[in-house]
Structure formats: structure tokens, C-alpha cells
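Please treat every number below as a calculation from the coordinates, not as lab data. Keep in mind that what you see is a predicted model, and the values were worked out from it rather than measured. All Cβ positions, even for glycine, are placed from backbone atoms using ideal geometry, and neighbour counts span all protein chains on display.
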Amino acid sequence: MIDHDRLFKELLTTFFVEFLELFFPEVIAYLEPNSLEFLDKEIFTDVTAGEQYEADLLVKAGFREQESFFLIPIENQAYSQADFGRRMFRYFARLFEKFALPVYPIVVFSFDTPHTPQPNIYRVEFPDKVVLELNYAVLQLNRLNWRNFLKQENPVASALMAKMNIAPEERPRVKSECLRLLATLRLDPARTKMISGFIDTYLKLNAEEEEIFKTEIAKFEPVQQEVVMEIVTSWMEQGMQRGELAVIMRQLNRRINTVEPELQERIRQLSLAQLEDLAEALLDFSNVEDLIACLNKQQG
């Protein structure tokens, strides 16, 4: 199962200003970028449904050239939900009550279907008057054309093109274009890895698509092609590492029974070469002490 909320939260936390610049430039006009504060997760209890609800991302920001602040809660909605606007109102009301600050709610609809426009208003009205109207900002990715973002020098564009409106036959090209744009940004290795991982998660290609993908990469300029190939190579190594790890864990569970979570985590930290060494060494293991000794030797 894909942890959609974690992936989007990681992306938007790292590139929050870039996200606003790309999709909500009107907010950037009055937001002070140096004032941003990412607040601890907020958990609200839905009294009527008896469920707990956790905020995806909550940012406190200052108004430019003012000594006042406002909140920007961002919700990633990975599936279509009936009466979503009502939930947004409850969230808005509880934030406003707790912090007594203006609230600018944003929703990112990241599901693949439906493609029908999602509402951005929650209204309580009577025949003679409107009692309440909450307007929340909506970004519906499956209604955006990825071609419109090809020349955006923005890391969020590189990542989110993978979730836009893509025809099935376009998938290999979109993946290659996401990486081409990423290559032009010259980000540090950690942020490059994060975005490339996001792209690969949402654009998994089959064997036929992989061949088309390679053909698209071959058309890139040499410098861009080199960067992209480094990313693709790292994906292959990670795939091999995951496969090696799965085999090792099955073998360990057979030889020494259940492996404690702490030891499992130590094993996950091993490089591919270290995993290969462990796979060979574990053939002689008879108890958990043998595993610990091997890990100590490798990680010492």
C-alpha cells in the first residue's frame, strides 16, 4: 500500500514555498517566506462519527511587512469522498477556534478518478439567506495538463506531473520529462532522491513502457541524460536491494525464527554489498547471536 499522505507531506514540507509559487502565486504576494513555522500535527476527534482526524500539513505564516499571522492547512485527498466540504468546515472551525488566526485552507485532490471538478465551497443556506459559506482552495491534479508544466523550473512541478492527467500511452514520456526537469534543477542528492522516488512511486512502468522510456531518455542532451541515468541506476539498485532484503528475511526467519524489529531495522540499513555478504554468511547461522555478531562486524 502506498502511503499517499506521507509522500505528499514530505514533498510539500520540503518545497512549501515552491508549491505556493507554482499553484498559488497570489498567496506568495502577501506571505513572508522567512516566517514559516510547521506546526505539530493536529488531531481532532469527530464527536458525531467517533473517529479521530489528523491534519496532513499545517503551516503558520506571517503577513508580509506586518506583525500578524495566518494558518495554511493543506489536505491531500487521495480518494473521492462524499460530503468532503463538511469535513473541511469542521477542520477550519476547530483550527480557527484553537489558534484564533485567519485560516487559508488548501486541498490537493490527488486521486486518479473521478475527473469531474471537485467542489471548493461548503455552504449553509436557507431560502431567504446564506448563513455560512466557506471557500477553500482546490488543486485537482487529474484535471491539469502535464504539458503546461514542462518548462516550469520548479521541483514541485517535476514531482506532481506524475499525478496529472496522463493518457495511458503517455506514461513513459511523462516519466522521462519529470526526470529531465529534475535534472535541470541541480538539487542536492537528498532532495533529488526524494522527488525521483515520488515520481517512480506514481509512474511504475511495465516492460514495454520501460523500453519506450529508455528511448525518450536517449533524446536528452548529454548532461541531462547523464543525471537521469544516475537516477535510473539508483532505482535499479534499490530494487535489487529490496529483493535481496526480502530473501534474507525469509531465510533468517527459517533459521533463527522471528527476527526482532530492532535487528530488522539494522538489516534494512545495510548496503547491497553488505546484504550479499549477509546472505552468504547466514547459511552458517544457528542462533540470533550469530546474526548480531555478523551485523556488529559489518556496521562496526
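Observations on the structure shown:
- With the largest listed first and rounded to whole Å, the semi-axes of the equivalent ellipsoid of region 155-220 from the Cα gyration tensor are 19, 13, 10.
- Förster radius 41 Å - calculated FRET efficiency between A293 and I28, Cβ distance, rounded to 0.05: 0.15
- Nearest-0.05 FRET efficiency for K193 and A279, computed from C-beta distance (R0 30 Å): 0.75
- Estimated 222 nm signal from helices in the chain, with DSSP H stretches of n ≥ 4 weighted -39500 (n - 2.57), rounded to 500: -15500 deg cm²/dmol
- Applying both filters, DSSP loop and at most 12 other Cβ atoms within 10 Å, to the GluC sites (Glu not before Pro) of region 134-200 gives E153.
- Rounded is the label for region 4-143. Its Cα gyration tensor axes, ordered a ≥ b ≥ c, give a/c under 1.5.
- Multiplying the residue separation of Q269 and I2 by 0.36 nm and removing their Cα-Cα distance gives an extension gain of 94.0 nm.
- When both region 147-200 and region 51-126 are represented by their alpha-carbon centers, they are found 26 Å apart.
- Inter-probe distance in nm under a simple model that places probes 7 Å from Cα toward Cβ, at E226 and E67: 5.4
- Pairs from K9/K297; K151/K175; K60/K151 whose Cα-Cα separation, in the structure shown, is over 25 Å: K9/K297; K60/K151
- Projecting the Cα atoms of T215, Y136, T258 onto the charge dipole of the chain, computed from C-beta unit charges around the Cα centre, puts Y136 farthest toward the positive end.
- Of the peptides 11-18, 82-89, the order by per-residue mean of other Cβ atoms within 10 Å, starting with the highest, comes out as 11-18, 82-89.
- Average 1/r across all pairs of distinct alpha carbons in the chain, invert it, and you get the Kirkwood radius: 22.4 Å.
- Overall form of region 159-300 per C-alpha gyration tensor (a/c, 1.5; a/b vs b/c): prolate
- Converting phi to 3J(HN,Hα) with the Karplus coefficients 6.51, -1.76 and 1.60 and the offset θ = phi - 60°, region 13-29 yields 5, 5, 10, 5, 4, 4, 4, 5, 4, 6, 10, 9, x, 5, 6, 4, 4 Hz in sequence order, with x at every glycine or proline.
- Look at the Cα gyration tensor of region 240-299: its axes a ≥ b ≥ c give a/c under 1.5, and that counts as rounded.
- Percent antiparallel among DSSP beta bridges (both partners in the chain, rounded to 5): 65
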